[in-house]
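Just passing along the structure, written as structure tokens.
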Amino acid sequence: MPGSELYFITIAEASRRITKRELSPVELTEAYLQRIAAIDSQLLSFVTPTAELARQRARAAEAEIMRGGPRSPLHGIPYCLKDIVETAGIRTTAQSKLLADHVPTKDAVVAEKFVAAGGIMLGKTATWEFAHGGPSWDTLFPPAHNPWNTDHHPAGSSSGSGAAVAAGLAPATIGSDTGGSIRGPAAACGIAGLKPTYGLVSRRGVLPNCFSHDHVGPLAWTSQDVAILLSIIAGHDPADPGSADVPMQDYAAGLDAGIAGLVVGVPWRWLEEEAPLTPETRAGFDAALTVFRDLGAEIRAVEPPPMQLFNDAKKVIAMAELYSIHEKDLKTRPELFGASLRYRIIAGGLIRAEDYVQAMRVRRDLATAMQRLFATIDLMLLPTGEPAGKLEPVPHSSLFTGPSLTTPFNVSGNPALAVCSGFGADGMPQSLQIAGRLFDDATVLRAGYAYEMSTPWRDRRPVLNPQ
């Protein structure tokens, strides 16, 4: 493979070639570092590059693989991390002036697992401030741009992670998702991103946004690559109070088993009444349903609780928990927050204890109702959202007022995957969201893989000319 094309290789293919000693980790790492140097001034996806560390780890990985072969499918393969994932000895800022000089002494669990797997970190990527306030121009770094059109946003809050993978600056990354912050950037940037089942991946060492809704998960170009990454980072962590003790598994095994016979639900009331789709997005979604039917799945209408209830419960809980995390700094150093995050934190200070308790009770009822629904179906399909619009300031209140098709699965804890499902007339990616039963992330990924193998969307990449 020519060096100029190495940066578009998948994790699965790179791993195969490294195992066969047809591809050098040093060569692969240099290809990404050169790509970052040539392209990222247009995207601003990296906030803390770690080029020299990457070169050191690439040389070490190559030597290890030559001696004994790769110890994991990620051995010798570069990655980047959202800048709320703590990294020992490497600045972790959450895009906030409050943490401009924050250098952790320990790795987050997911970062530690990537290092143990032999991955090569290229750097830390842009986020909305503390994974919540944005897009903002008054924080430590400017916001990232979308590689399909740099005048458009890459969504948030894992914005730099999504942009970097789509642009071929890294094949693998880790993001976080409290209401859609993995799936939103995956959708906006035309890649795959999984919010795993709540508790499947440890959050220890990842700066919190909302304890009861935070998830950590992988983003990559394909569902297969996401499955490879999930197999590395999943696992019980007794030190994370939300961690689930479930058996480990290889999520990449059995991806090619197909989806014939699966029952797939569509929440039409959400899509037609509560958050009506634009005609173009509806046409793209209908085309995706046709692909699932042709693959042998049964499509049926389902009636989950109103989407607004999920959104309302999450907002009350998230605002209260966000305030509890940042109360001290808000009172003592408010000027160091960006205006967007400061506005949203203050809202949390207005929530009464009674409101929080009642919202948690509503959340329990909604999660129970969702599991009853999933007892009758294998998967749920819906768009991830509308394609990405222009990168421009938005009202700070927009986070509270707009409907979200991703938030219900944070409330219920079910796994949900975003995959590219085509492109609009303006060239921006469309995205399909595939949700599944608790701890059945493997079936969700299998469905994503089946869809990707039956459609041409993985063959198209954004075009960016070096500057």
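Those residues that are open to solvent by 10 Å² or more (accessible area, probe 1.4 Å) and in a loop (DSSP other than H, G, I, E, B), I need them from the stretch 200-220; list them, please.
ARG203, ARG204, GLY205, LEU207, PRO208, PHE211, SER212, ASP214
Might you check whether a residue that is touching a Lys or Arg at 6+ places or on another chain (Cβ under 9 Å), of a type in the set (A, V, I, L, M) and modelled with pLDDT of 95 or more occurs anywhere in the stretch 59-68? Can you show your working first?
Going residue by residue through the stretch 59-68, those that are touching a Lys or Arg at 6+ places or on another chain (Cβ under 9 Å) are 64-66.
If we keep only those that are of a type in the set (A, V, I, L, M) as well, we get 65-66.
Narrowing further to those that are modelled with pLDDT of 95 or more: 65-66.
Scanning the stretch 59-68, I find at least one residue that is touching a Lys or Arg at 6+ places or on another chain (Cβ under 9 Å), of a type in the set (A, V, I, L, M) and modelled with pLDDT of 95 or more, so the answer is yes.
Determine the pairs where a residue that is part of a loop (DSSP other than H, G, I, E, B), located within the stretch 76-103, has a partner that is of a type in the set (Lys, Arg) and open to solvent by 10 Å² or more (accessible area, probe 1.4 Å) with Cβ atoms under 8 Å apart, the partner being 6 or more residues away or on another chain.
As it stands, the answer is GLU86/LYS106; ALA88/LYS106; ASP101/ARG91; HIS102/ARG91; VAL103/ARG91, since those pairs meet every condition given.
Identify, by number, the condition in (1) over 20 Å from SER212 (Cα atoms); (2) charged (D, E, K, R); (3) open to solvent by 40 Å² or more (accessible area, probe 1.4 Å) that ASP378 doesn't meet.
Tallying (1) over 20 Å from SER212 (Cα atoms); (2) charged (D, E, K, R); (3) open to solvent by 40 Å² or more (accessible area, probe 1.4 Å), ASP378 fails exactly one: (3).
Another question, if that's okay. Could you check how many residues of the stretch 311-347 are closer than 17 Å to GLN95 by Cβ, in a helix (DSSP H, G or I) and among the small types (Gly, Ala, Ser)?
2
Still on this structure, I have one more. In the stretch 348-361, what residues are surrounded by fewer than 19 Cβ atoms within 10 Å (Cβ to Cβ), among the hydrophobic types (A, V, I, L, M, F, W, C) and not in a loop (DSSP other than H, G, I, E, B)?
Residues satisfying the conditions are ALA353, VAL357, MET360.
If you don't mind, another one. Which residues, counting only those in the stretch 1-38, are among the hydrophobic types (A, V, I, L, M, F, W, C) and within 22 Å of the chain's Cα centre (by Cα)?
PHE8, ILE9, ILE11, ALA12, ALA14, ILE36
Still on this model: Would you check if GLU321 is open to solvent by 70 Å² or more (accessible area, probe 1.4 Å), closer than 19 Å to SER181 by Cα and modelled with pLDDT of 95 or more?
Numbers: open to solvent by 70 Å² or more (accessible area, probe 1.4 Å): no; closer than 19 Å to SER181 by Cα: yes; modelled with pLDDT of 95 or more: yes.
So GLU321 fails the test.
Taking GLN224 as the residue in question, decide whether it is in contact (Cβ under 8 Å) with a residue 24 or more places away in the chain, open to solvent by 60 Å² or more (accessible area, probe 1.4 Å) and either assigned to a loop (DSSP other than H, G, I, E, B) or under 20 Å from PHE114 (Cα atoms) (or both).
In short, no.
Name the residue that is farthest from the chain's Cα centre (by Cα), counting only residues in the stretch 250-307 that are of a type in the set (Val, Ile, Thr) and assigned to a helix (DSSP H, G or I).
THR290
Then there is this: May I ask you to list the residues in the stretch 231-282 that are over 20 Å from VAL109 (Cβ atoms), among the aromatic types (Phe, Trp, Tyr) and surrounded by 17 or more Cβ atoms within 10 Å (Cβ to Cβ)?
The one that is over 20 Å from VAL109 (Cβ atoms), among the aromatic types (Phe, Trp, Tyr) and surrounded by 17 or more Cβ atoms within 10 Å (Cβ to Cβ): TRP270.
Within the stretch 240-252, work out how many residues are more than 22 Å from ALA166 (Cα to Cα), in contact (Cβ under 8 Å) with a residue 40 or more places away in the chain and not polar (S, T, N, Q).
Residues in the stretch 240-252 being more than 22 Å from ALA166 (Cα to Cα), in contact (Cβ under 8 Å) with a residue 40 or more places away in the chain and not polar (S, T, N, Q): 5 in total.
The values are calculated or read from the model by the stated rules, or taken from the named source; none is laboratory data. Computed from a predicted model, the values in this text were never measured in an experiment. When we count neighbours, we look across all protein chains shown, and the Cβ atoms used for this are built from the backbone with ideal geometry, even at glycine. Note: areas computed on protein heavy atoms with side chains; ligands, DNA, RNA excluded. Shrake-Rupley method; radii C 1.70, N 1.55, O 1.52, S 1.80 Å.
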